[in-house]
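Taken together, the values in this text are just the output of simple stated rules run on the coordinates, not laboratory data. Nothing here was measured: the structure is a model prediction, and the numbers come from that model. A quick note on method: Cβ atoms are made from the backbone with ideal geometry, for glycine too, and the neighbour counts reach across all protein chains shown.
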Amino acid sequence: MNLTLHVWRQQGPDDKGRLERYQAKDVSPDMSFLEMLDEVNEELVQEGREPIVFDHDCREGICGTCSQVINGQPHGPQAETTVCQLHMRQFKDGDEIYIEPWRARAFPVIKDLIVDRTAMDRIVEAGGYVSVSTGGVPDANAILIPKADADAAMDAAECIGCGACVAACPNGSAMLFVSAKVGQLAKLPQGRPEAARRVCSMTETMLDEGFGNCSNHYECEAACPKGISVKFIAMLNREYLKAMPKLKGKKEA
Amino acid sequence: MILDSKCPSGPLADKWDNHRRDLKLVNPANKRKYTIIVVGTGLAGGSVAATLAELGYNVEAFCYQDSPRRGHSIAAQGGINAAKNYQNDGDSIFRLFHDTIKGGDFRAREANVYRLAQISNNIIDQCVAQGVPFARDYAGYLENRSFGGAQVSRTFFARGQTGQQLLLGAYQAFSRQVQAGKIRVHPRTEMLDLVVVDGEAKGITVRDMVSGEIRCHAADAVVLASGGYVNVYNLSTNAMGSSVTAAWRAHKKGAFFANPCYTQIHPTCIPVSGDHQSKLTLMSESLRNDGRIWVPKNKGDRRPAHQIPEDERDYYLERKYPSFGNLAPRDIASRAAKQACDAGLGVGSGRGVYLDFADAIERLGEDAIRARYGNLFDMYQRITGEDAYRQPMRIYPALHYAMGGLWVDYNLQSNLPGLFVLGEANFSDHGANRLGASALMQGLADGYFIAPYTIADYLARTEPGKISSKGDEFRDSAAQVEGLTNKLLAVNGRKTVNQFHRELGHIMWEDVGMARSEDSLKAAVEKISALREEFWNNVRVPGSGADLNQELEKAGRMADYLEFGELLARDALNRDESCGGHFRVEHQTEDGEAVRDDDSFSYVAAWEYGGDGQTPQLHKEPLTFENIELAVRSYK
């Protein structure tokens with residue numbers, strides 16, 4: 001099949017950026033979306049032009065690196081599928097495809113389709129862990145965890161940290177991302193001792209980093225390649241309310 | 001030179017305890033005076049950085065990804081082994097040790113592997129304490145599954161995303177130390193040289209992948225945890241950015257490279273669909289617990305799978321290896337698939353075999369299979385467009401893991417003092433073939449529980465902060481890296497980096513792949529050398545060095561593959577025997593099993609860089625087996 005691409009090109013953070021048009025010829029339905037872009041890039045390099053840069057790494061939907069908005073949808077049209085796992089059989093001959101970077105205040109564009117997502121790391125640094133050091137821990141089976149709790153924790157823990165939830169949210173909120181980590185650790189006995197401090201610290205860091213708040217659009221859940229449920233945002237809010245009286249809004253507890 | 005592994009003496013079970021007693025310590029007040037560079041933030045790099053920082057050292061952590069949470073350990077699906085014996089099925093530390101040595105076809109160090117088996121239990125405890133959500137039963141206890149090469153259930157798992165969950169556990173411990181100010185992270189930064197001062201590793205030179213700036217960093221010790229090298233084959237299950245570059249540049253500065261010919265080809269990957277293919281996707285080995293592997297008995301049988309009657313199918317693993325059946329080790333299962341396809345029995349494009357779940361679905365129900373492997377079936381459908389609940393999966397072997405790597409002693413220290421190599425980047429524990437669910441175990445054992453002790457022993461003998469990144473060695477290193485970048489940009493030829501990578505991959509797969517011969521390996525050495533020459537005359541790298549330039553990044557890695565690929569072929573040529581993942585067609589039994597030559601090749605082959613275009617020099621570390629009997633590996 002032959003396709004027309006409109007790709008966001010931006011030389012750097014200070015460049016205004018614009019959509020440029022490319023033709024993708026003889027695209028096989030068995031190609032992944034990124035392999036289709038690889039082929040377009042091969043031609044650009046042959047012509048001595050700068051290829052389109054985009055983030056990608058594992059190409060199996062788990063590392064969370066790839067990040068493209070395709071026809072207005074983060075990660076494209078297929079549900080629960082990262083860009084790297086999206087295959088060209090989802091498109092048809094003659095399609096026009098618009099490819100843009102994640103767009104959010106907290107994710108400045110570095111170049112073309114690559115954005116800076118280090119703000120998400122800083123949210124985790126603020127408390128997205130159990131404060132245990134290596135060594136001196138009890139036997140693994142000494143901590144019993146009901147299957148339902150372990151499963152719910154795993155549902156949240158599947159987050160790959162790609163940032164599609166932020167790109168999909170009209171407020172540029174990272175609530176789904178934050179709630180996935182808060183939810184995972186809140187469900188486990190190991191995470192309870194620090195639960196109050198964690199939820200306050202991570203939420204406040206999220207706001208400090210320029211992410212918005214949640215106003216229940218549920219776009220994040222629809223865009224999430226791992227199908228993380230917005231019920232974790234409800235859990236995040238409950239955890240936050242429970243924590244408020246204990247901490248009086250302070251990060252340090 | 002005969003290499004000294006520095007394995008402690010005494011009974012096997014006491015070696016590590018005795019050794020730890022003898023290792024020197026750094027007192028708490030002095031730890032903060034030392035700085036350690038860690039390259040790579042996968043399981044090994046993330047866990048060692050976190051642990052060293054918890055102890056009080058200053059850590060400078062580097063990764064080429066945009067975040068330290070994305071190392072390719074994240075893609076490991078199936079699980080992590082430990083000798084807990086929670087299932088009461090006869091497991092023990094000795095049995096895990098025995099299975100690992102045997103699985104590695106008797107080409108690993110006994111002392112290292114025993115230590116790994118001992119530590120395996122601490123890893124599970126640590127990860128649970130961090131909040132890793134391993135699978136649990138209704139009583140709240142941990143669940144286990146079985147895996148290739150073992151007859152006990154010792155594998156712990158978190159759905160089909162065990163690597164992800166363990167890596168996030170390490171990343172979270174790491175992040176806590178970033179917050180504490182003990183780790184400084186350098187994302188989107190690629191190591192391009194090791195700096196050696198007075199014979200010891202004291203720093204690295206890196207390229208900032210956003211600004212293009214070449215920078216030097218000095219430290220009291222350097223840890224490489226930069227992963228494996230099988231992308232030298234172009235198509236593999238590794239991430240696109242996984243490369244040999246950090247290890248190779250260290251090798252060129254004097255670190256020995258051990259057993260590069262030990263590469264693992266994983267039997268259950270999704271077959272290649274066309275020339276556009278950029279990488280291959282693994283289907284977890286755990287699928288072999290319930291899936292049955294078969295091909296049609298008759299050549300050229302093009303009927304859809306469900307129309308081929310039972311008696312016209314060959315369940316060849318069950319037939320050849322009745323006691324392990326579909327759970328035969330990876331090298332054996334891969335070779336058997338290749339033999340079936342070479343005999344014209346392959347399905348799909350001819351390069352594939354069936355992995356069939358029909359029996360398991362009938363026995364357990366579709367829901368049970370969905371609960372176990374749902375995410376893998378979904379992934380298979382996204383990639384192939386086929387529904388594996390209705391028709392068998394098509395699978396074919398693909399490059400997956402590097403058992404070889406930089407040579408290290410029992411302390412995980414290279415022959416260059418001050419350079420420690422962890423995880424897949426070293427050669428140490430898997431011999432000639434790694435068993436499933438052992439890579440995660442090794443990465444975390446190295447990072448959480450071994451290197452923090454042995455690095456202290458090295459640091460205790462050095463004066464902290466002695467080296468400055470302003471020294472001559474650093475200046476020379478930066479100039480060399482700058483020179484290489486400019487050279488790549490200046491060629492301005494007609495072929496893209498990807499074209500070269502495909503050509504190299506083709507040579508490697510055909511001549512240095514699953515069946516190697518003296519002729520094919522000699523031919524490979526010639527072809528790689530010719531391709532390398534063409535590369536330096538005809539590669540095209542657009543753009544500049546002072547910018548984010550992905551073609552330039554790829555070109556630098558490609559230059560290294562073109563040198564390293566030759567070493568891999570030379571090592572395979574030198575090892576005139578078959579063992580594990582290294583199969584020389586000259587050395588096989590009548591029914592195609594590998595034949596080792598213990599008298600001549602029971603050694604680690606450690607190669608010293610000989611200089612540009614020069615033959616590398618071979619050093620040997622003899623392998624001795626005191627606790628396990630060398631035997632013909634049998635899974636029948």
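Charged side chains reduced to their Cβ positions (Lys and Arg at +1, Asp and Glu at -1) give chain B a dipole of some 1360 debye around its Cα centre. Averaging the Cα positions of each part gives two centres, and for segment A:146-160 and segment B:142-214 these lie 23 Å apart.
Indicate, rounded to the nearest 5 percent, the antiparallel portion of the DSSP beta bridges found entirely in chain B.
If I count the DSSP bridges inside chain B, around 70 percent turn out antiparallel.
Short to long, the 5 Å bins of the Cα pair-distance histogram for segment B:472-619 hold 2, 9, 16, 16, 16, 13, 10, 8, 5, 3, 1, 0 percent of all pairs.
Note down the Stokes-Einstein diffusion coefficient of the protein assembly as shown in µm²/s, whole number, using a Kirkwood radius over alpha carbon pairs, 4 °C, and 1.567 mPa s. Provide the component values of the computation, followed by the final result.
On the way: Rh = 27.5 Å.
In µm²/s, the coefficient is 47.
When segment B:472-619 is described by a simple charge dipole with +1 on each Lys and Arg Cβ and -1 on each Asp and Glu Cβ, the residue from B:550, B:513, B:617 located farthest towards its positive end is B:550. With kT/(6 pi eta Rh) evaluated at 25 °C and eta = 0.890 mPa s, and Rh the Kirkwood radius from Cα pairs, segment A:64-143 diffuses with a coefficient of 154 µm²/s according to Stokes-Einstein.
Whole-percent P(r), segment B:11-65, all Cα pairs, 5 Å bins from 0: 4, 18, 20, 17, 17, 14, 8, 2, 0. Annotation: Cα Rg of segment B:352-409 relative to the compact-globule expectation 2.2 N^0.38 Å equals 1.55.
Please tell me the relative contact order of chain A in percent, rounded to the nearest whole number, where contacts are Cα pairs under 8 Å and at least six residues apart. Result for chain A is 19 percent.
Restricting to DSSP loop positions (anything but H, G, I, E, B) with no more than 12 other Cβ atoms inside 10 Å of their own Cβ, which GluC sites (Glu not before Pro) remain in segment A:154-253?
Details: sites: A:158, A:194, A:204, A:209, A:219, A:221, A:239, A:252; in loops: A:158, A:209, A:252.
Counting only loop positions with at most 12 other Cβ atoms within 10 Å, the GluC sites (Glu not before Pro) in segment A:154-253 are A:252.
For chain A, return all DSSP H helices satisfying: extent of Cα atoms along own axis at least 18 Å; mean Kyte-Doolittle hydropathy at least -0.5. What comes out of the filter, once short or polar helices are dropped, is A:33-46, A:195-208, A:231-247. Evaluating 6.51 cos²θ - 1.76 cosθ + 1.60 at θ = phi - 60° for every residue in segment B:358-364, the Karplus couplings come out as 4, 5, 5, 5, 5, 6, 10 Hz, glycine and proline recorded as x. Can you give the charge dipole size of segment A:1-138 about its Cα centre, rounded to the nearest 20 debye, using +1 on the beta carbon of Lys and Arg and -1 on the beta carbon of Asp and Glu? The dipole magnitude comes to about 540 debye. In this structure the amide hydrogen of residue B:3, modeled in the peptide plane, comes within under 5 Å of the amide hydrogens of B:620, B:621, none closer than 5 places in sequence on its chain. Taking the charge dipole of segment A:3-111 about its Cα centre, with +1 at Lys and Arg Cβ atoms and -1 at Asp and Glu Cβ atoms, the residue from A:62, A:10, A:106 reaching farthest to the positive side is A:106.
Counting only alpha carbon atoms, the long axis of helix B:110-130 and the longest principal axis of chain B meet at about 90°.
Axis angle, to the nearest 10 degrees, between helix B:497-511 and the longest C-alpha principal axis of chain B: 60 degrees. Averaging the Cα positions of each part gives two centres, and for segment B:381-444 and segment B:595-632 these lie 20 Å apart.
If we count other beta carbons within 10 Å of each Cβ, what is the order of B:294, A:8, fewest first? Before the final figure, lay out the partial values.
Numbers: B:294 26, A:8 20.
Exposure proxy ranking, most exposed first: A:8, B:294.
Comparing A:44, A:113, A:188 in a Gaussian network model of chain A, where Cα atoms under 10 Å apart are tied by springs, the biggest mean-square fluctuation is seen for A:44.
All C-alpha pair distances within chain B, sorted into 20 Å bins from zero, spread as 20, 56, 23, 1 percent across the bins. Across segment A:58-73, computed HN-Hα scalar couplings (Karplus, 6.51 cos²θ - 1.76 cosθ + 1.60, θ = phi - 60°) run 6, 6, 9, x, 10, 7, x, 7, 5, 7, 9, 9, 10, 6, x, 10 Hz from first to last residue, x flagging Gly and Pro.
Exposure proxy for B:147, B:357: other Cβ atoms within 10 Å of each Cβ, ordered fewest to most, give B:357, B:147.
Comparing B:5, B:268, B:142 along the charge dipole axis of the protein assembly as shown, the residue lying farthest to the positive side is B:142, per the Cβ-charge model.
As a rough footprinting exposure proxy, the listed residues B:347, B:232 were ranked by other beta carbons within 10 Å of their own, and the order from fewest upward is B:347, B:232.
Could you run the Debye sum over the Cα atoms of segment B:265-399, one equal point scatterer each and no solvent, and tell me log10 of I(q)/I(0) at q = 0.10, 0.17, 0.18, 0.19 Å⁻¹, two decimals? At q = 0.10, 0.17, 0.18, 0.19 Å⁻¹ the computed log10 ratios are -0.29, -0.89, -1.01, -1.14.
I'd like the Kirkwood hydrodynamic radius of segment A:117-247, using the inverse of the mean 1/r over distinct C-alpha pairs, in Å.
Numbers: mean 1/r = 0.0666 Å⁻¹.
Answer for segment A:117-247: a Kirkwood hydrodynamic radius of 15.0 Å.
Qualifying trypsin sites (Lys or Arg not before Pro) in segment B:340-389, where qualification requires a DSSP coil assignment and no more than 16 other C-beta atoms within 10 Å, comprise B:351.
What does the charge count near residue B:251 come to, summing +1 for each Lys or Arg and -1 for each Asp or Glu among other residues with Cβ under 12 Å from its Cβ? Walk me through the numbers on the way to the answer.
Details: positive: B:249, B:252, B:253; negative: B:193, B:560, B:563, B:608.
That sum, taken over residues with Cβ under 12 Å, equals -1.
When only Cα pairs under 8 Å and 6 or more residues apart are kept, what is the percent relative contact order across chain B? Reported as a whole number, the value is 21 percent.
Percent antiparallel among DSSP beta bridges with both residues in the protein assembly as shown, to the nearest 5?
70 percent
Roughly what % of Cα-Cα distances in chain A sit above 35 Å, to the whole percent?
So the portion of pairs separated by more than 35 Å is 23 percent.
Between the C-alpha center of segment B:539-583 and that of segment B:262-337 there is a gap of 29 Å. Only Lys, Arg, Asp and Glu carry charge here, each on its Cβ (+1 for the first two, -1 for the last two); on that basis segment A:117-247 has a dipole of about 280 debye about its Cα centre. Calculated on the Cα set of segment B:40-148, radius of gyration then Dmax: 16.2, 44 Å. Against the main long axis of the alpha-carbon atoms of chain B, helix B:162-179 sits at an angle near 20°.
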